[in-house]
Amino acid sequence: MKIHPCILLVLSLISIIAVLILGPCRTTGILFILHGLICLKTGLRPLTFLNVFLLAFFFSLSLFILNYLYTTLEVANYNFARAILLTSFSLSAGLIIDFERLLLFLMSKRVLSATTGYPIFAAINALEQLKEEKKRLSHLARMRGLTHFRYQLHQIMPLLVFALRHSQRAATAMIARGLNDQKVFYFDYTIPKKDFYIGAIFLLLQLAVFVLGQAY
Amino acid sequence: MPNPLLSWKNISVSFPTHETSIPSESINFPDGEVQENEFLWIDGISGAGKSTLMHLIKGIIPRYIFAKIAGEFTYLGQDILQTYPKELDQKTVYVFQNPYSQMVTPRAKEELIFGMENYQFSTPLIEAESHLWAEKFRLTLLLEQKTYTLSGGQCQRLVLASSLACNPRILLFDEPTAFMDPQTKKDFYELLRTLKGKFTIIVIDHNVPQLSSLCDKKIFWPVTTGASTMELTSIPPLPPCKDFHLNCHNISFAYPGKNIFQNMNFQADTQKIISILGENGSGKTTFFKILSQMLKLREAKIDFFLGQQKLSGKKCFEAMSIIYQNSEAQFYFDTVREELSFQTSQLDLVMELATLLGLKKTLDRSPYMLSEGQKRRLSILIAIAQGKPLILYDEPTYGQDSENISLITRLMLALKDANRLQIIITHDRPWAHKISDEVYHLENQKLVRQ
């Protein structure tokens with residue numbers, strides 16, 4: 001089930017802020033379960049969610065070791081749990097939020113100006129092309145016999161030139177095609193009522209957990 | 001007599017360099033004018049400044065790209081260099097050479113209506129126009145796709161449709177068909193024929209026979225660069241390579257939702273030029289990726305033989321070069337000289353060739369600062385310097401003027417004489433038939449010999 005990215009962003013932010021304020025505790029534990037439910041509801045595969053958790057676990061493990069070596073076990077445990085929660089929330093939110101739709105929504109509501117939003121799109125599009133260009137460069141370097149480690153640095157320049165040329169062309173194209181802040185939007189990016197209600201339910205649940213967690 | 005729609009006289013443009021703020025060598029334009037609903041074709045050598053003219057008409061220079069301009073440029077008698085009229089901005093659409101960098105939105109359907117949204121078209125009008133242009137440019141099935149998944153030709157069709165949907169009065173096309181397959185190219189020129197007389201059209205393109213019958217007026221850009229290539233008499237014999245043989249068996253490949261190859265076989269021998277033609281998105285570049293082992297397929301068997309020896313693993317890379325459309329992907333060093341000297345056994349011959357190809361004066365310059373034609377010649381020269389027996393070219397004539405194409409052709413023929421196997425992806429059918437020993441067409445997920 002698709003939920004509007006704006007709703008998902010708000011729900012994820014609340015969970016992250018809760019962890020930042022409260023740290024790892026029963027409340028944030030329940031919020032984590034709620035967040036997991038939202039992720040699964042929006043179509044994130046359980047295996048992907050598990051992968052995210054594992055990634056967060058290993059990332060936090062390094063922090064744990066550092067903390068354990070330089071402070072106490074208690075502090076290390078606390079920071080370890082906090083890092084796992086924050087990393088899991090952020091990574092999984094990044095996977096479930098459709099950022100393109102979010103940008104279009106913000107631009108259609110004039111929260112974000114079109115002259116700022118569309119360059120971000122161009123940059124997102126360019127990422128795929130940069131990835132492809134990097135692969136191509138590495139492949140060509142191998143063919144030319146530039147396999148030594150020091151030649152890896154030589155790939156930075158063609159990649160940089162590609163990125164600069166691409167961004168200049170994209171900027172020119174946007175101007176040439178008449179991009180301006182008075183632009184209208186044909187497609188409807190508003191939040192559907194159903195998504196709004198789902199968001200409200202989860203928000204109430206989060207607040208309830210937050211309040212009850214503080215009370216007990 | 002009424003004022004011409006656009007007129008330029010004694011125009012020269014120079015761009016300041018970042019380091020010294022001293023303007024670069026100025027580009028001098030031949031005088032010209034266009035009347036309302038006239039069709040102007042601009043031809044000429046690469047790097048002469050044709051695109052700069054388009055930038056001036058669209059007002060990108062000097063509004064967004066700073067340049068020092070001298071001369072007179074008018075729209076209906078009004079000076080556009082001092083104050084660019086808003087009306088002209090809305091009436092003019094400009095379609096660039098490189099379709100990938102024109103893509104702005106994430107999905108094709110949003111890209112199609114991008115221009116109309118910018119010019120605040122009403123919702124019913126956007127709906128009607130988008131349907132009309134999507135059908136005209138065979139885009140209906142692509143509309144749900146992400147823009148970065150489209151091929152070059154599909155991107156170009158999408159941008160064209162999006163621009164024409166804005167109901168412009170002046171159409172500026174900078175090599176609009178460079179990435180298109182022959183059928184789409186034909187359709188595009190047919191479309192231009194229907195638009196002729198209703199719009200003012202300015203097209204920059206090289207060697208397009210269809211344009212001769214379409215245009216009312218032609219400007220040929222004067223020869224100002226690359227003169228040394230004209231002096232080229234003959235290319236000295238290149239050192240021959242060992243016999244090379246390529247054998248591909250059972251190639252099958254699919255992108256999500258689209259089969260590209262199905263049990264395809266392909267063989268090629270040394271001392272041949274082989275061209276591969278095909279529609280946009282039919283898998284020509286994918287074939288190169290498979291050949292060069294950028295894409296590895298489990299079931300497919302791709303064998304390279306140098307002499308009697310079968311090459312395996314890393315040895316395959318030592319036997320081939322690829323020349324991409326974007327020549328810059330091949331440059332790794334600070335100067336042209338370093339590019340040519342790296343792992344070169346016959347440096348004297350390479351330098352002699354560099355002189356013949358008009359690259360002598362550029363030896364101590366950065367390869368990124370060369371003109372497009374020089375970059376392409378340099379990338380071929382690097383392949384020659386490496387002495388590889390297999391050279392793969394992706395659209396070698398793209399964006400090149402007739403002089404450069406003739407030079408590239410001669411180089412390729414010299415390489416053929418030196419026992420190289422050369423495989424080319426191209427949309428330029430007549431050129432492919434002229435230069436190639438074998439021409440293949442990618443159809444029904446197989447390479448079919450013509």
If we scan the range A:160-174, do we find a residue that is crowded, with 16+ Cβ neighbours inside 10 Å and β-branched (Val, Ile, Thr)? yes
Quick check on the range B:283-317: of everything there that is in a loop (DSSP other than H, G, I, E, B) and not small (Gly, Ala, Ser), which residue is most open to solvent (accessible area, probe 1.4 Å)? B:Arg298
By residue number, the members of the range A:200-216 that are surrounded by 11 or more Cβ atoms within 10 Å (Cβ to Cβ), of a type in the set (Gly, Ala, Ser) and at pLDDT below 90 are A:Ala208, A:Gly213
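Pick from the range B:363-373 the residues that are open to solvent by 30 Å² or more (accessible area, probe 1.4 Å) and in a helix (DSSP H, G or I): which of them is nearest to B:Leu411 (Cα to Cα)?
Checked the range B:363-373; the qualifying residue nearest to B:Leu411 (Cα to Cα) is B:Glu372.
Just to be sure before I move on: is B:Leu81 over 30 Å from B:Gly281 (Cα atoms), in contact (Cβ under 8 Å) with a residue 60 or more places away in the chain and away from chain A (no Cβ under 11 Å) in the structure I sent?
no
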If A:Arg144 satisfies every condition in (1) buried (at least 20 other Cβ atoms within 10 Å of the Cβ); (2) more than 10 Å from chain B (Cβ to nearest Cβ) but one, which is the exception? (2)
Kindly indicate the residue of the range B:250-273 that is at pLDDT 85 or above and in a loop (DSSP other than H, G, I, E, B) and also most open to solvent (accessible area, probe 1.4 Å) among those meeting that condition. B:Gln271
In the range A:175-199, residue farthest from A:Ser15 (Cα to Cα) [restricted to those that are open to solvent by less than 40 Å² (accessible area, probe 1.4 Å) and part of a helix (DSSP H, G or I)]: A:Ala176
Pairs needed: first member in the range B:212-235, at positive phi and of a type outside the set (Asp, Glu); second member anywhere, part of a loop (DSSP other than H, G, I, E, B) and at pLDDT 50 or above; C-beta distance under 6 Å; at least 6 residues apart or different chains. B:Gly226/B:Gly358
Here are some residues: B:Leu359, B:Leu370. Which one is more than 30 Å from B:Asn280 (Cα to Cα) and in contact with a helix residue (DSSP H, G or I) (Cβ under 8 Å, 6 or more places away or on another chain)? B:Leu359
Since B:Leu357 meets every condition but one in (1) at pLDDT below 85; (2) within 23 Å of A:Tyr151 (Cβ to Cβ), which condition does it not meet? (2)
Working only within the range B:432-450, note down all residues that are under 15 Å from B:Ile273 (Cβ atoms) and either modelled with pLDDT of 90 or more or in contact with a Lys or Arg (Cβ under 8 Å, 6 or more places away or on another chain) (or both). B:Ala432, B:His433, B:Lys434, B:Ile435, B:Ser436, B:Asp437, B:Glu438, B:Val439, B:Tyr440
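Listed here are the residues, each with its yes/no results for (1) acidic (Asp, Glu); (2) facing chain B (nearest Cβ under 7 Å); (3) touching a Pro at 6+ places or on another chain (Cβ under 8 Å).
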{"residue": "A:Phe162", "(1), (2), (3)": "no, yes, no"}
{"residue": "A:Ser167", "(1), (2), (3)": "no, no, no"}
{"residue": "A:Asp181", "(1), (2), (3)": "yes, no, no"}
{"residue": "A:Thr190", "(1), (2), (3)": "no, no, no"}
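If you check B:Asn280, B:Asn247, which single one turns out to be modelled with pLDDT of 80 or more and either open to solvent by less than 50 Å² (accessible area, probe 1.4 Å) or outside any loop (DSSP other than H, G, I, E, B) (or both)?
Numbers: B:Asn280 fails: modelled with pLDDT of 80 or more.
Of the residues listed, the single one that is modelled with pLDDT of 80 or more and either open to solvent by less than 50 Å² (accessible area, probe 1.4 Å) or outside any loop (DSSP other than H, G, I, E, B) (or both) is B:Asn247.
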Which numbered condition B:Glu72 misses (of (1) more than 8 Å from chain A (Cβ to nearest Cβ); (2) among the acidic types (Asp, Glu); (3) open to solvent by less than 50 Å² (accessible area, probe 1.4 Å)): (3)
Could you say which residue among B:Glu111, B:Glu127, B:Glu117, B:Glu175 is open to solvent by less than 20 Å² (accessible area, probe 1.4 Å), of a type in the set (D, E, K, R) and facing chain A (nearest Cβ under 8 Å)? B:Glu117
When the range B:64-103 is checked residue by residue, the ones that are part of a strand (DSSP E or B) and more than 25 Å from the chain's Cα centre (by Cα) are B:Lys68, B:Ile69, B:Ala70, B:Gly71, B:Glu72, B:Phe73, B:Thr74, B:Tyr75, B:Gln78, B:Asp79
Counted residues in the range B:318-362 being in a loop (DSSP other than H, G, I, E, B), more than 24 Å from B:Glu403 (Cβ to Cβ) and touching a residue at least 60 places away in the same chain (Cβ under 8 Å) come to 2
Subset of the range B:135-170, residues within 24 Å of the chain's Cα centre (by Cα) and farther than 25 Å from B:Lys58 by Cβ, comes to B:Arg138, B:Leu142, B:Gln145, B:Lys146, B:Tyr148, B:Thr149, B:Ser151
Those residues of the range B:126-145 which are closer than 16 Å to B:Glu110 by Cβ and among the charged types (D, E, K, R), in sequence order: B:Glu127, B:Glu129, B:Glu144
Touching a Lys or Arg at 6+ places or on another chain (Cβ under 9 Å) and at positive phi - does that describe any residue in the range B:182-195? no
Among the residues of the range A:15-52, which ones are open to solvent by 40 Å² or more (accessible area, probe 1.4 Å) and on the phi > 0 side of the Ramachandran plot? A:Gly43
Only listed residue being open to solvent by less than 10 Å² (accessible area, probe 1.4 Å), within 11 Å of another protein chain (Cβ to nearest Cβ) and under 26 Å from A:Thr147 (Cα atoms), chosen from B:Phe342, B:Phe331: B:Phe331
Note: among A:Met157, A:Met174, just one is of a type in the set (A, V, I, L, M), facing another protein chain (nearest Cβ under 8 Å) and touching a residue at least 40 places away in the same chain (Cβ under 8 Å), namely A:Met174
Residues that are open to solvent by 70 Å² or more (accessible area, probe 1.4 Å), more than 25 Å from A:Asp181 (Cβ to Cβ), within 14 Å of another protein chain (Cβ to nearest Cβ) and among the acidic types (Asp, Glu): does the range B:137-154 have at least one? yes
When you scan the range A:53-64, do you find a residue that is closer than 16 Å to A:His35 by Cα and surrounded by 14 or more Cβ atoms within 10 Å (Cβ to Cβ), even just one? yes
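The values are calculated or read from the model by the stated rules, or taken from the named source; none is laboratory data. What you are looking at is a predicted structure, and each value in this text was computed from that prediction instead of being measured. Heads up, the Cβs are rebuilt from the backbone with ideal geometry, glycines too, and the neighbour counts pull from every protein chain shown. Surface accessibility is based on the protein's heavy atoms, side chains included, excluding ligands, DNA and RNA. Shrake-Rupley method; radii C 1.70, N 1.55, O 1.52, S 1.80 Å.
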